[in-house]
1. In debye, nearest 20: dipole of the range 118-216 around its Cα centre with unit charges on the Cβ of K, R (+) and D, E (-)?
2. Let me spell out the model: positive unit charges on the Cβ of Lys and Arg, negative unit charges on the Cβ of Asp and Glu, origin at the Cα centre of the chain. What dipole size does that give, in debye rounded to 20?
3. Between exposed GluC sites (Glu not before Pro) in the chain, where DSSP calls loop and at most 16 other Cβ atoms lie within 10 Å, what's the longest gap?
4. What does the charge count near S328 come to, summing +1 for each Lys or Arg and -1 for each Asp or Glu among other residues with Cβ under 12 Å from its Cβ?
5. Less than 16 Å apart at the alpha-carbon level, and either on another chain or at least 8 residues along: which lysines does that give for K361?
6. Which whole-angstrom value gives the distance between the alpha carbon centres of the range 289-327 and the range 164-189?
7. Which of N252, F228, M179 sits closest to the plus end of the dipole of the range 178-271, meaning its Cα is farthest towards the positive end, when Lys and Arg get +1 and Asp and Glu get -1 on the C-beta?
8. Suppose all protein chains stay in the model; what accessible area per residue would a 1.4 Å probe give for the chain, in Å²?
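The values are calculated or read from the model by the stated rules, or taken from the named source; none is laboratory data. Owing to the predicted nature of the structure, the values given are computational and were not obtained by experimental measurement. Methodologically, a virtual Cβ is constructed for each residue, glycine included, from the backbone with ideal geometry; neighbour enumeration extends over all protein chains shown. Ligands, DNA and RNA are stripped out before the accessible areas are found, and what is left, the full protein with its side chains, is counted by its heavy atoms. Shrake-Rupley method; radii C 1.70, N 1.55, O 1.52, S 1.80 Å.
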Amino acid sequence: MNYPNLINSKLPNIGTTIFTVMSKLAADHNAINLSQGFPDFSCNEELISLVNKYMKAGNNQYAPMAGLIGLREILSEKTEALYGAKYDPESEITITSGATQAIYTAIAAIIREGDEVIIFEPAYDCYQPAIELNGGKTIYMQLCAPDYSIDWEKVKKMINHRTKMIIINTPHNPTGSVMSIDDMLILEKLIKGTDIIIISDEVYEHIIFDNQQHQSVARFPLLAERSFIISSFGKTFHATGWKIGYCVAPKNLMTEFRKVHQFLVFSANTPIQFALAEFLKQKNNYLELGSFYQKKRDYFINAIKGSRFEIIPSAGTYFQLLNYTDLSKEKDTDYAIRLTKEFGIASIPISVFYHEKEDNKVLRFCFAKKEETLEKAAEILNKI
Ligand code: PMP
Ligand code: GLN
């Protein structure tokens, strides 16, 4: 029995995340699941053996609160080698239970009642609830068609004394767009002299195509000094179910981050941290990820070239957007559901990533799949 009016929801407008909804619908209808972003192939056998080895060796109790120092050291070396920025493994790197936890932690550590946080739409869905649970106000900026770029003039106009944070995400989920050096230099100029903090969601840092370089905020000293950079081993090592990631940030920011982290999770999975510290020594394990996924992207878009969907170029991530204006006038949410139920292929409707549910007739398909899965998916899409 429910006692009436017991709860005044803190998130009255939030339902169940689209990833849960579409993956369940795909399972219920035995559809090919290109909706939620996860690989349908196994992660590296060697990595699995390493986790096993460290579990058997008895590394099964709490890790240090900030993470295993060996893992933090190798991440510090990796960040310096790739982006030219030095982060102290003792005080500036924390291992988290996935990027989602890291993002929540950074927001909770910084945002107070009334603070404004700028995010770019279509936006990954964990930012806004975290902002609002912590009393912040989300300020939405739309990425510009057709390439989902940022209109910095508009951003400049939105910045005021209440702006406390800007969340960027490159390569970008769900659009696959990437930020350029120019974007970063403009952002640097915009925030100079303010007390704005950046969260840079870089979970797809290694999944970038066509010889482009990932523009981590770590490359830009004036951004790096006020940024939490967040990444995820789930994306990099095909192990989204392990829920392990990390945050790097200057010491003053990281001190506040850890105050929250220690009471939110205390520490992340121990044997996996040991395994990752060893696995990361082979740099090709992450440096070859871009070309690995570029082949999948190209395989998928070649296979659907003859379809009536319009292909929107993807410069990074493992997502491909398709516009279906020529196929249907239905709302994207309805169309995604119908494709799953009637045609046996599940995708993500992009309108869910806009606070006003803007519907541009675009669906997101995940191509982190075996060739045979992509081939079957293409067969279906070509017939529609
Ligand atoms: N940010 C973005 C842009 C994502 O696509 C995801 C999904 N992996 C996350 C954060 C969350 O990552 P994790 O699964 O490590 O929590
Ligand atoms: N990041 C994944 C995606 O965009 C899903 C993560 C999740 O299910 N929360 O599909």
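1. Working: 8 positive and 14 negative charges, 115 e Å.
The dipole of the range 118-216 has a size of about 560 debye.
2. Numbers: 41 positive and 45 negative charges, 92 e Å.
In total the dipole reaches around 440 debye.
3. Details: sites that count: E90, E113, E225, E288, E330, E356, E358.
Longest site-free region, per DSSP loop and neighbour criteria: 114-224.
4. Details: positive: R308, K329, K331, R338, K361; negative: D326, E330, D332, D334, E342, D359.
Here the charged neighbours net out to -1.
5. Candidates past the 8-residue exclusion: K329, K331.
6. Spelled out, the Cα-based centre of one part sits 22 Å from the other.
7. Of the listed residues, the answer is N252.
8. Values: 17530 Å² over 384 residues.
Using a 1.4 Å probe on heavy atoms only, each residue of the chain averages 46 Å².
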